[in-house]
Every structure is written in C-alpha cells, then in structure tokens.
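The values are calculated or read from the model by the stated rules, or taken from the named source; none is laboratory data. Because the structure is predicted, anything quoted here is derived from the model rather than measured. Methodologically, a virtual Cβ is constructed for each residue, glycine included, from the backbone with ideal geometry; neighbour enumeration extends over all protein chains shown. In case anyone asks, the SASA skips ligands and DNA or RNA and just uses the protein heavy atoms, side chains included. Shrake-Rupley method; radii C 1.70, N 1.55, O 1.52, S 1.80 Å.
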Amino acid sequence: MKNSGSHLMQPSAALKAAPFWRTAFETDKETYPALRHDIDCDIAIIGGGITGLSAALSLSQNHDVVVLEQGSVAEGSSGFSAGILSLATTVDLRVVEQQFGRENAALLYSRLSAAVNRTLGAINLREDALQTGVSIYAAAKASHLPILETERQTRKRYGLSTRFHEKSGLPSFLTSFHGALELEGERAVNPVKLVQAIAKRAADQGCRIFESTPVTHFENSNGLFVLNAGTQTVKSRHLIVATGVRGKAWSPVASINRQLVPVKGDLIVTEPCQEVAKLAQSGTIALWDTYQMLYTYLRYLPDGRILAGGADSPGISAACLLSDKEEGVRRLHAVIQSRHNFKLPPVEHAWRASFSLPADGLPLVKVLSFGEGNDGGNGGEIGGGNGGEIGGSNGSGKLIVASTDGLPSGMLLGEVIANLIEGRHDGLMDMLRHDRKPSLSARLLSLLPNVPALRNTALKMVFFGMRLKDILS
C-alpha cells in the first residue's frame, strides 16, 4: 500500500478493519455468514475478537456454541493490535505482586504462558505469522532505572530469563535510553491471522460463527437467554459478552465499564529497511519504554518494517486510516527515530484504533447466575429475580461479561470463562473478578462521573497529570 499524494491509499471495504495486517500479507481469510434464521444453542457469545473466540475454542469441544459478531472476525481491537504476545507489556510483574502477592502473581504468569502455548498448539498458524526471540524493556530516564531493577529481581524469583543492560552495554542500534531489560522467550504474531486461525479451529470443532450480526437486545426469561439480532432470535442457556470497546451500554456491562479506560491511539508501519530486517533476523522482536503515558512500543517485523504505537489519549474513535502527514503520525515517527542510531524509512501505513484498558491492567470478569423461573427483565436488565453474583448451582445458566487488553490476556480469559461455564473452580477469579480489591487508579476511576462528556473531560485531566509526571520524573 503506497502513498498517493499526502494520503495513504484506501483499502477495499472488505479490508478496512485492519489496513496493514490484512493488506501487507497474503491472508487466507475465512468468511462466515450473517444470521438468517432463529437458532438455539448451549452457549451464545457476543463478540468475535480474541476473548470471545478463545472462549469458543475451549467450549466448542463439548458444547453447542454460537458466536455473534457485529462486523467481521478480528475487525475490532484484536485485529488492530501490534500483535505482541509478551506477558510483560500490559502490567509489570512487580505491580501484580504488590497488589496480589507472590503466589497469585506466579499463578497469573504461569496461566498466561500456558494459555498462549495451548492456543498456539491448537491452531494452524502459518510459520510466517509468528516471531520468536527477545523483547527490550528500556528506561526512558535515568530515574527509571530502579523500576527496571525491581522488575528484574521480581522476574528472577519466578524463573523468568532476564538480562539487565547498563547504558554502556545497550544494543548498539539504540540511542537515548539509560538501561534496559532483555526479556527472553518472547513471541509476536500477525494478530488478524491469529484470531482468524482461532475462529477456524473453533468452527472445525462445531462452533457456529455469524458475522455482520449485531445483537441489539437480550434478556433472561425462565432460565434462558433470548437475544435479538435484527429480526432473528437466538436462545441459549449461557451468555458470554466479550464485545470490547464496541460493546453496547447494557446494564450488566455498566459496572465493568466504570473500571475501564477508553483509549484511542495511532499506529504506524514504516517501509522496509535493511537495518530492521537484520534486527528481526537476529531475534529482536519488540521494544517498549518505562513511561506511563508518553510511552511508546514497537515491533521489528521480519520483512524489515517497524510497527510503532503509543502516547495514547482517552476516548473512543472510529477505526480509520490516517494520512502520513498528520501531526500524530509524524510525531510518533520522530519519537521512534530518536530511539535508533540509523535513519528510519518513511511511514507507509498508519491507522487509529480504540480499545478499553482495565485501570489496573488485569482482565475483568463479572458472572451472574440464573435458575429456571428467574426473569432478568428487559433491555438487557440482567440481575432481577433470584439471579445474582457468582452463585447458584452448576446447573444454573450464567451470564459472563469479560473485558481485557492484550492478546495473551484474551487467550487466558477464554480459558477462565470456559472453567466458569463448566462449573470448575478457577484460582484466578479472586484476581480477575470485577469486584476485586481495586488498585488506587481503579478506585479513582470508579468515582468519575458516569456522564460520558464529564467522564471524558475528567479522563483528559488524569492523562494530562500522568504525562506531566512522565516529564518531571
């Protein structure tokens, strides 16, 4: 996709959801029909992204599962991501340990790793869609070096291979950093191919997937969930809502939404260059820095391109392609250039996407149980009658609302959801349940007004304060 004047060429309508991942590589995309008739199933899943499809992958082995996606599979946040499978990009291990203790931190990281391994082992992902090697976590300022040292010590306790580089020992291609951790055993993917491969495997197991099928309303009546998708009706015993940033304001989702930060950010991909190709071939996958809000992340792609994003802002924006002349795109390119000692090639692809980020970085899960005879009310007003929080017998129908950020967390969340649906105890629920002991940032976020305009203004002020802290730290 080459530049045309000052604007990037527009992809075809079928490829609009992920302009780089779906056009830069040949993809064997599976397509799924829209729902054209009423159906019944054991489990209905709203959302065809990483979380919903990971749940479908686990559950469709033993249950009749239906996935309802309002657009196309991998069209939302999952398909717009950088595709980094690192377990360390969303939240530092030291932060998890401080909030939940060593035992829970160890459990979370082992489960994240196992979920990624199981998913990759279960799907037919082409070799050219997966990178393996090392990632670099770099100190943007000398005052940030204690952050790296604490993280190194924490990772060492859990047997995670990590090397510390002082400024004088940094990889020769980097500039402006004051030290770095080199994290081994890292992976990255083409996120569209990953999510499409998960969908295909679930479909091969019997899962029915419907694209272009937005759910407009649901309710629970006599122990069954009734979903309206246009003029069609879906009835299911269990319901999973994993709609990400594009989810509707149904009341069961509202309590989770108050703990999420809606974020929009720009991503760029450069033209190929020899220096980046050599880095990728040597096994360097990704780089991110220690800033909170000014932070940037990037991938070194096998074909010699750099993919970069960061410095996000609050709010939701419709996914779109960007001009290579836009200020945000040029600023991001300049920041990435300042981090390297070779001249970066120009931007060839740029797009804007939105996602919802849990305030403390960890997945959120809300579970409601419904027995026969309970009436959940109208308009998605689930929770009436005797339906309540994570209760009832294993035979009860369950409504599960889930939200997370990052591909590894989405894979893990799919497995946690499967355990909950099948009545198995999951030791992670104390950490992931929506009413867990919140971090300070989560507590403050929940106090913000629920009026969209006021909440967005408040979030902008919070982001400004965090950026100021980055500058002064």
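Per residue, the stretch 325-366 exposes 39 Å² of solvent-accessible protein surface, assessed with a 1.4 angstrom probe and all protein chains in place.
Based on the Cβ-Cβ distance from Tyr158 to Glu30, what FRET efficiency comes out when R0 is 60 Å, to the nearest 0.05?
Working: r = 38 Å, r/R0 = 0.63.
Calculated transfer efficiency: 0.95.
So between Asp430 and Lys235, what do we pick up on full extension, going 0.36 nm a residue minus the alpha carbon distance?
Working: separation 195, 0.36 × 195 = 70.20 nm, distance 3.03 nm.
Full extension of this stretch gives 67.2 nm more.
Ignoring aspartates and glutamates fewer than eight residues from Lys366 along the same chain, the ones with Cα atoms less than 15 angstrom from its Cα are Glu381, Glu389, Glu415, Asp426, Asp430, Asp435. Using a simple spin-label model with pseudo-atoms 7 Å out from Cα toward Cβ, Glu327 and Asn228 lie 4.4 nm apart.
Ranking request for peptides 171-177, 202-208: highest mean number of other beta-carbon atoms within 10 Å first, then the rest in descending order.
On the way: 171-177: 15.1, 202-208: 19.0.
Peptide ranking by packing, descending: 202-208, 171-177.
Is the C-alpha gyration tensor of the stretch 167-300 telling us rounded, prolate or oblate? Criteria: a/c under 1.5 is rounded; beyond that, a/b larger than b/c is prolate, otherwise oblate. Prolate, because a/c is 1.5 or more and a/b exceeds b/c. With 31 Å as the limit, the listed pairs Lys193/Lys469; Lys167/Lys460; Lys200/Lys325; Lys29/Lys235; Lys167/Lys343; Lys156/Lys398 have Lys193/Lys469; Lys167/Lys460; Lys200/Lys325; Lys156/Lys398 beyond it between alpha carbons. Dividing the mean sequence gap of close Cα pairs (under 8 Å, 6+ apart) by how many residues the stretch 292-359 holds gives a relative contact order of 31 percent.
For the stretch 58-195, dividing the convex hull volume of the Cα atoms by the residue count gives 158 Å³ per residue. For the stretch 103-186, the per residue solvent-accessible surface stands at 48 Å², with DNA, RNA and ligands left out and a 1.4 Å probe. Expressed as a whole percent, the accessible surface of the stretch 295-342 that belongs to carbon and sulfur atoms is 50, based on a 1.4 Å probe.
Given +1 at the Cβ of Lys and Arg, -1 at the Cβ of Asp and Glu and no other charges, the dipole of the stretch 85-153 around its Cα centre is 60 debye to the nearest 20.
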